[in-house]
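Data block below; observations after.
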Amino acid sequence: AALARVPTEGVGPFQRRDVAHANPAHRPTDEEYRRYIWLVQHFRDLGWDNSRLHDASPFRVVDPGFNAILIRSCLDLAALADDLGEAEIASASRAFAQAGIAAMDALWSETRAQYLCFDRVTGALIDSPSIGGLLAAFCPIPERRAQAIAQRLDAIGAAVPYLVPSHDPAAPEFDGLRYWRGPVWLIVNYMIADGLKRAGQTRIVQRIVDDSLRLIEQSGFAEYYDPVTAEPCGGSSFTWTAAMVIEILNAETAPA
């Protein structure tokens, strides 16, 4: 619904490079791309000024997954700053992260047992169970939230052979092949597993790790995978998929 608010008037003909090397059935539709391009043109006209983009876009969505990545980045920066003797940077970064963690709780849905995106235009949570609400576990969320997400992943894992699908397989808009409508990305699997491991949810972490390695064994180093059939999707021989396998194997052999 938020994307549907983005107009397409003024978007001229364009050539998509992604469908030249990947099955079009695995990628966003042309109609979605027209809306993406309208946004790019709009932002370019505003000089990519973030102070203006924040309110000038018809698509204004707060995503818990991206916020979790930012929060973890702040905490990692604080740790680096400590090592370098930069106490002021460390303190400011930790304060920013703690404020972010507290604010994240406003995105929690008891009904969905996960975090949800927030639509700043309507002022309401978006009742769509995307993987962004599970990726929130990448940052140090409260223990009860991490446990609830682990249980949520258990339920999802009973519906598909391979975790973690990028959308709830029970949702009507689920598509196991279509970009971010269902496929598994190993880089997201790694981040979710890393966060839940830090939260002590080791059992579901092992399931995510095992599923990730089974996908590689069955379908190679694809960009992403169908969570039901393990069909390789998108680009082939993806280096970030291979990089995640190295990280997963290193984490498996590292001392606790």
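The values are calculated or read from the model by the stated rules, or taken from the named source; none is laboratory data. None of the values given here were measured: they were computed from a predicted structure. Glycine gets a Cβ as well: all are built from the backbone with ideal geometry, and neighbour counts include every protein chain shown.
Examine the range 203-212 for a residue that is surrounded by fewer than 19 Cβ atoms within 10 Å (Cβ to Cβ), in contact with a helix residue (DSSP H, G or I) (Cβ under 8 Å, 6 or more places away or on another chain) and in contact (Cβ under 8 Å) with a residue 40 or more places away in the chain, and state whether such a residue exists.
Checking the range 203-212: at least one residue is surrounded by fewer than 19 Cβ atoms within 10 Å (Cβ to Cβ), in contact with a helix residue (DSSP H, G or I) (Cβ under 8 Å, 6 or more places away or on another chain) and in contact (Cβ under 8 Å) with a residue 40 or more places away in the chain.
Checking the condition among the hydrophobic types (A, V, I, L, M, F, W, C), over 16 Å from the mean Cα position of the chain (by Cα) and within 27 Å of Ala22 (Cβ to Cβ), which residue from Val188, Val160 passes?
Val160
Would you confirm whether any residue within the range 31-42 is of a type in the set (S, T, N, Q), farther than 21 Å from Gln147 by Cβ and under 23 Å from the mean Cα position of the chain (by Cα)?
Within the range 31-42 (the criterion being of a type in the set (S, T, N, Q), farther than 21 Å from Gln147 by Cβ and under 23 Å from the mean Cα position of the chain (by Cα)), the answer is no, since none of the residues qualifies.
Quick one: count up the residues across the range 45-65 that are among the aliphatic types (A, V, I, L, M) and under 21 Å from the mean Cα position of the chain (by Cα).
2
Just checking, does the range 24-35 include any residue being more than 30 Å from Asp194 (Cβ to Cβ), β-branched (Val, Ile, Thr), without any contact (Cβ under 8 Å) to a residue 12 or more places away in the chain and part of a helix (DSSP H, G or I)?
There is no residue in the range 24-35 that is more than 30 Å from Asp194 (Cβ to Cβ), β-branched (Val, Ile, Thr), without any contact (Cβ under 8 Å) to a residue 12 or more places away in the chain and part of a helix (DSSP H, G or I).
Which of the following residues is more than 27 Å from Pro28 (Cα to Cα), part of a loop (DSSP other than H, G, I, E, B) and modelled with pLDDT of 95 or more: Gly182, Gly200, Gly195?
Gly200
I'd like the full set of residues that are under 30 Å from Pro227 (Cβ atoms) and in a loop (DSSP other than H, G, I, E, B), limited to the range 2-23.
The answer is Ala2, Val6, Arg16, Arg17, Ala22, Asn23.
I'm trying to understand the selection: among the residues of the range 37-59, which are assigned to a loop (DSSP other than H, G, I, E, B) and of a type in the set (A, V, I, L, M)?
Scanning the range 37-59 gives a single hit, Leu46.
If you go through the range 170-178 one residue at a time, do you hit one that is in the same structural domain as Gly234 (by TED's automatic domain parsing), aromatic (Phe, Trp, Tyr) and modelled with pLDDT under 95?
There is no residue in the range 170-178 that is in the same structural domain as Gly234 (by TED's automatic domain parsing), aromatic (Phe, Trp, Tyr) and modelled with pLDDT under 95.
To keep it simple, each residue is scored yes or no on (1) among the hydrophobic types (A, V, I, L, M, F, W, C); (2) modelled with pLDDT of 90 or more; (3) exposed (fewer than 12 other Cβ atoms within 10 Å of the Cβ).
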| residue | (1), (2), (3) |
| --- | --- |
| Gly10 | no, yes, yes |
| Arg27 | no, no, no |
| Glu31 | no, yes, yes |
| Ile37 | yes, yes, no |
| Gly47 | no, yes, yes |
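Considering only the range 215-233, I want to know if a residue exists there that is touching an Asp or Glu at 6+ places or on another chain (Cβ under 9 Å), modelled with pLDDT under 95 and assigned to a strand (DSSP E or B).
Yes: the range 215-233 contains one or more residues that are touching an Asp or Glu at 6+ places or on another chain (Cβ under 9 Å), modelled with pLDDT under 95 and assigned to a strand (DSSP E or B).
If we keep just the residues of the range 169-185 that are closer than 12 Å to Gly234 by Cα and among the aliphatic types (A, V, I, L, M), which is farthest from the chain's Cα centre (by Cα)?
Once the filter is applied, the top-ranked residue is Leu177.
Looking only at the range 189-209, count every residue that is small (Gly, Ala, Ser) and in contact with a Phe, Trp or Tyr (Cβ under 9 Å, 6 or more places away or on another chain) and tell me the total.
Residues meeting the conditions: 1.
For the range 123-141, enumerate the residues that are touching a residue at least 40 places away in the same chain (Cβ under 8 Å) and either in a loop (DSSP other than H, G, I, E, B) or among the hydroxyl-bearing types (Ser, Thr, Tyr) (or both).
Those that are touching a residue at least 40 places away in the same chain (Cβ under 8 Å) and either in a loop (DSSP other than H, G, I, E, B) or among the hydroxyl-bearing types (Ser, Thr, Tyr) (or both): Ile126, Ser128, Pro129, Ser130, Ile131, Cys139, Pro140, Ile141.
Scan the range 148-164 and give yes if some residue there is free of Cβ contacts under 8 Å to residues at least 40 places away in the same chain, assigned to a loop (DSSP other than H, G, I, E, B) and of a type in the set (Phe, Trp, Tyr), otherwise no.
No, the conditions are met nowhere in the range 148-164.
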